[in-house]
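J.: Structure below; questions to follow.
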């Protein structure tokens, strides 16, 4: 039995146990659109709504979540994979009971894992699925392979865009690249869009409608409108004190908008059978195995 088959077997066993967490991947076509701020604040709001929430910082190039929270994690995903650290050791405690995991170099190292390391990681991820109701994955920005891997493997994606022309263009480019990627399934992927830093509800809906029409016409993808977050100077002030706006300024317009979006996410229908973080990583690892095998065969 090869590694890919063993992964499938582990995931099927987990699905039968119905312990999979809900995984929501937060992404954007470009940096600087407020993606990480949204991920952190949604985590806090969902925790307040009674969900156990863990954030996976999958942007291994930038440590935005730890900067935003003012907390430096002692260990990251690579320490779990290669240095014998336990799952509880790599989960950093955040505000109001949320937890977060720094991806570190672990995500880059997935393709180089041995059979034993793959099995160990997958078993630990099964454990992680039972520790959280919701796992928010904060990806890097753009269409780099490591971003597209997470988005492709996810069944629920939140796309953040602003009214800036470059943000709209890059968000479309991300969906276009996703649509061309092997393993992406329109039928099994729910894509939801947030219009961030807009001047009004009407502006936010207009941004979504423009994007939706083009994406539906050329990519045959129908994104859902999740909501708007207004332009709010209090967000910058919250960043300066390294506190999420929902904690630093809970009555600010942006904080209230985050609250509404979190409630909408919690109330939205989910797949009857969630594949959890174990399924997401298993899909990613299987894809990397196939790529490595194809490359090796091509060189022979």
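J.: Which numbered condition in (1) modelled with pLDDT under 95; (2) under 30 Å from residue 124 (Cα atoms) is the only one that residue 192 fails?
T.: Among (1) modelled with pLDDT under 95; (2) under 30 Å from residue 124 (Cα atoms), the lone unmet condition for residue 192 is (1).
J.: Of the residues 69, 77, only one is crowded, with 24+ Cβ neighbours inside 10 Å, touching a helix residue (DSSP H, G or I) at 6+ places or on another chain (Cβ under 8 Å) and over 21 Å from residue 157 (Cα atoms); which?
T.: Numbers: 69 fails: crowded, with 24+ Cβ neighbours inside 10 Å.
Just a single option satisfies the conditions, and that option is 77.
J.: So which of 61, 50, 31 ends up being touching a strand residue (DSSP E or B) at 6+ places or on another chain (Cβ under 7 Å), surrounded by fewer than 18 Cβ atoms within 10 Å (Cβ to Cβ) and at pLDDT 90 or above?
T.: Working: 61 fails: at pLDDT 90 or above; 50 fails: touching a strand residue (DSSP E or B) at 6+ places or on another chain (Cβ under 7 Å).
The conditions single out 31.
J.: Out of (1) crowded, with 18+ Cβ neighbours inside 10 Å; (2) assigned to a loop (DSSP other than H, G, I, E, B), what's the single condition that is false for residue 85?
T.: (1)
J.: To continue, here is another question. Note down all Cβ pairs under 8 Å where the first residue falls in the stretch 131-159 and is on the phi > 0 side of the Ramachandran plot, the second is at pLDDT 95 or above and surrounded by fewer than 21 Cβ atoms within 10 Å (Cβ to Cβ), and they're at least six residues apart or on different chains.
T.: That search, which allows pairs on different chains as well, returns 142/170.
J.: Quick check on my filter: what residues within the stretch 88-100 are touching a helix residue (DSSP H, G or I) at 6+ places or on another chain (Cβ under 6 Å) and crowded, with 20+ Cβ neighbours inside 10 Å?
T.: Scanning the stretch 88-100 gives 90, 94, 98, 100.
J.: Same structure again: For residue 198, work out the one condition from (1) crowded, with 16+ Cβ neighbours inside 10 Å; (2) more than 21 Å from residue 24 (Cα to Cα); (3) touching a residue at least 60 places away in the same chain (Cβ under 8 Å) it doesn't fulfil.
T.: Evaluating residue 198 over (1) crowded, with 16+ Cβ neighbours inside 10 Å; (2) more than 21 Å from residue 24 (Cα to Cα); (3) touching a residue at least 60 places away in the same chain (Cβ under 8 Å) leaves (3) as the failure.
J.: Same structure again: Scan (1) buried (at least 24 other Cβ atoms within 10 Å of the Cβ); (2) at pLDDT below 95 for the single condition residue 25 breaks and write down its number.
T.: Every listed condition holds for residue 25 apart from (2).
J.: Still on this structure: Of all strands (runs of 3 or more DSSP E) completely enclosed by the stretch 106-200, which ones contain at least 3 residues that are over 15 Å from the mean Cα position of the chain (by Cα)? Talk me through it step by step, then tell me what you get.
T.: Details: elements: 134-141, 156-161, 190-198.
Those strands (runs of 3 or more DSSP E) span 190-198.
The values are calculated or read from the model by the stated rules, or taken from the named source; none is laboratory data. Please read these numbers as outputs of a predicted model, since none were measured by experiment. As a convention, Cβ positions derive from the backbone with ideal geometry for all residues, glycine included, and neighbour counts pool all protein chains shown.
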